[in-house]
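Colleague: Got a structure here, written out as structure tokens. Questions coming.
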């Protein structure tokens, strides 16, 4: 037993901090019956050490309260989730600090240029930095994928096959999936825009029938990604927005050392249960919780379109940051070929009155394939892509060394 002064001295913190933690209910030391002074046991000291350690990494008092509850219940997995969430926050802060340092250096470089200083360049640079900072900070999961985790695997298989003749869907299952499906249009619509020089692996009549099942040709897209990435045994790979780990699991079976991240705890729990040997972490596209040059390849499927155009640019920068100099990128997602394709698609949806398509175009940001390729090629990659249906593409980017 020790008093508060002795406890503070042993822990290297102030007595005031200990009283603050007591006021917040994080620690409940016993009181002496004779004088009412608090006494601290070894267990109290251990708890205070834990609180101090969690505060040291910047965890909020609310999260510390939850974390201590998980510790008390012996729930190591939940505690790990809180720690990973805090780590993701720190990486986001670190990335933002790096961006500010880069912006400051660019301002210094502009100031050192010969000739009169054009302060408008500084203003433009600051505006660009502000816009990207807001894009990073404004991302959130508007679709609440935690609620969809339980039926995600069933949903992707149903939507992948429902329009291909591979499977007749039980109407009850279809209705249950519709309850949480975000893009679940039921009618097929022929669209006029087709690029003649694009290979379409699912098109036998050179006419693509498009419906707005988000996961149409799902398995085909994943298999194409795996085939093009073709990991060597032991290569380190990262799957961003992994969901329940279907793409990462295929790469794991090829011998890759896979890490999977997602912002949804429930999705990750299912991923862990399916692939216990996989490294799984909380995180998102905009602040990958890994050091520079950590991976030999980065992949993502059916997730990139959740980001706004500015956020997509940040995500590409983050992918490049965590890749080795020879690291490659594989993206499978719904994309428009170019702006003309998008305009034709929107026009046809409006004329046909297909609200599901129009809602999806409002809620999501399907990237332009041509713009993605140009950005990657400007950064020193060579690219190739294949088209699975009118919107679904797989894109591979390999550094040109």
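Just so it is clear, none of the values below were taken in a lab; they were calculated from the coordinates. It should be emphasised that the depicted structure is a prediction, and the values quoted were computed from it without experimental measurement. For neighbour counting, all protein chains shown are included, and Cβ atoms are generated from backbone atoms with ideal geometry for every residue, glycine included.
Colleague: From the list 49, 62, pick out the single residue that is outside any loop (DSSP other than H, G, I, E, B), surrounded by fewer than 18 Cβ atoms within 10 Å (Cβ to Cβ), touching a helix residue (DSSP H, G or I) at 6+ places or on another chain (Cβ under 7 Å) and without any contact (Cβ under 8 Å) to a residue 60 or more places away in the chain. First the steps, then the outcome.
Modeller: Numbers: 62 fails: touching a helix residue (DSSP H, G or I) at 6+ places or on another chain (Cβ under 7 Å).
None of the others qualify; the one that does is 49.
Colleague: Looking at the stretch 8-46 only, could you name the residues that are crowded, with 16+ Cβ neighbours inside 10 Å and in a loop (DSSP other than H, G, I, E, B)?
Modeller: Hits for the stretch 8-46 are 13, 26, 27, 29.
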